[in-house]
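Please treat every number below as a calculation from the coordinates, not as lab data. Just so you know, these numbers come straight off a predicted model, no measurement behind them. Cβ atoms come from the backbone with ideal geometry, glycine included; neighbour counts cover every protein chain shown.
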Amino acid sequence: MPKISLSGPAELLTIIPFHLGFQPERSVVVVCFHGKRLGLVARVDAVDHPLASESAAQLLPTVLESSPSSVAVVGFEDEPDQSLPVLEELVDGLEHDSVLVRERLVVRDGRWRSIGCDCCPDEGWLLPEQADVPAVASYVALGHAVLPDRAGLARLVEPLDASAPRHALTLAAVDDWQRRYADTGGSVSGSGGVRSTGSAKRRSSAGSGLSVLDGGDLSARQFLVNDALVAWGGLLHGEIEGFGLEHWLPAVVGPLRDIEFRDALLGWLCPGSVSLGSFPEELVTMLEVFLGPDLRILSSAGPSSSSASLADDLDIAAVERSRVGADWEAWDEAAAPRLMLSRLEEVCRITPAAHAAPVLSVLASLAWWCGDGARAGIAADRALELEPDHRLSLLVRQSLDHGLRPPACA
């Protein structure tokens, strides 16, 4: 991934909203560092003293799980000292576990100050304009945007309202696709479970058609599987949008109740998350044909996935700046995950609630794999609101709650 450099705490504060995807309000944010590399960025609400210790206790295990070499703790306030109860509880807990707290910062009314710093003016320092922070251009080039608040992220994945004019037709179309899929032997009753693949070996069919089609009308089921993979390939490559996406929607969301289809899709998009060796060879071949290798995303734990590179000390006045330069392919590759998440969010918004949990869980899984905890959490939580027992969504939620990160890609 192209290198992004920062200089000083003011620039760090400017790019935090780009990591979260929204402008934090009444929040405390912990930014983890691994040497010069920016790691986990985690947020909690700023609450008063009676709840501050509980709030900090919920976040600390997630931060400690990431094993940072140092952290910065930042309060975003509407009123003076609003963030201090949680901020101080977090600092005490981190220092108790021998984590170096590099900075304690507060942001309010467009200004920032360092807690306990004698050189900061009482009113604080003005935050720089985004246009004056070179790293911002890099984040924008990578497809990052800042919404006004966290609720804005939730609106990006809100399923199609039942009162929308096209709701009844869309619901009927997805129901019809799934009925035809079930008639050919396909599974549409999955509750979001997770396939066990520990000892499974790749299967192969000796006859014509796909082994994933065994037990039904081969030609009819193969047509529907092909239909679904063509739709997914067109969606994620950006070739299907607008009214075209509405036309293909049944083929996109319809097969996601089939756990084998869904897990094979995730195994292709997120290499290493699910072993493709446990799926039929023909299905894997179809994934390669219809989706292609360019849609396979390195995990956020991979060697090229760091989102920013920082100077050893945040108060160094100047560091070498990164430039977009001429290597457009590297930037296109780095921006691909964000574009894919955006396209899946659009699918969520045009999907009726009755069929939204599976696609929300796929979005949550992909966002978690990409290291976007905010989007992953919001998508998983919305899926669980619709289907409280949806197991894949529960797995993503638990991974986020325990600070678990995707495995590094081989």
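Data table
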| read-out | value |
| --- | --- |
| Principal semi-axes in Å for segment 5-152 [√(5λ), Cα gyration tensor, largest first] | 22, 18, 16 |
| Sorted by Cβ neighbour density within 10 Å, fewest at the top, the residues Y181, Y139 | Y139, Y181 |
| Burial ranking of peptide ranges 87-99, 355-367 (average Cβ count within 10 Å, highest at the top) | 355-367, 87-99 |
| Length gained when the stretch D109-S342 is fully extended (0.36 nm per residue, less Cα-Cα span) | 80.8 nm |
| Total charge dipole magnitude, segment 8-62, about the Cα centre, Cβ charges on Lys, Arg, Asp, Glu only, Debye to nearest 20 | 300 |
| Order of V63, V44, V86 under a 10 Å beta carbon neighbour criterion, fewest first | V44, V63, V86 |
| Antiparallel content of DSSP bridges confined to segment 5-152, in %, to 5 | 70 |
| Karplus-derived HN-Hα couplings along segment 125-139 (A = 6.51, B = -1.76, C = 1.60, θ = phi - 60°), whole Hz, x at Gly and Pro | 9, 5, 5, x, 5, 4, 5, 8, 10, x, 5, 4, 4, 5, 5 |
| Packing rank of 118-128, 257-267, 279-289, 165-175, where each peptide gets the mean count of other beta carbons within 10 Å, highest leading | 257-267, 279-289, 165-175, 118-128 |
| Using a Förster distance of 51 Å, the FRET efficiency for C117-S219 (Cβ separation, nearest 0.05) | 0.10 |
| FRET efficiency, 1/(1 + (r/R0)^6) with R0 22 Å, evaluated for T285 and S187 via beta carbons | 0.60 |
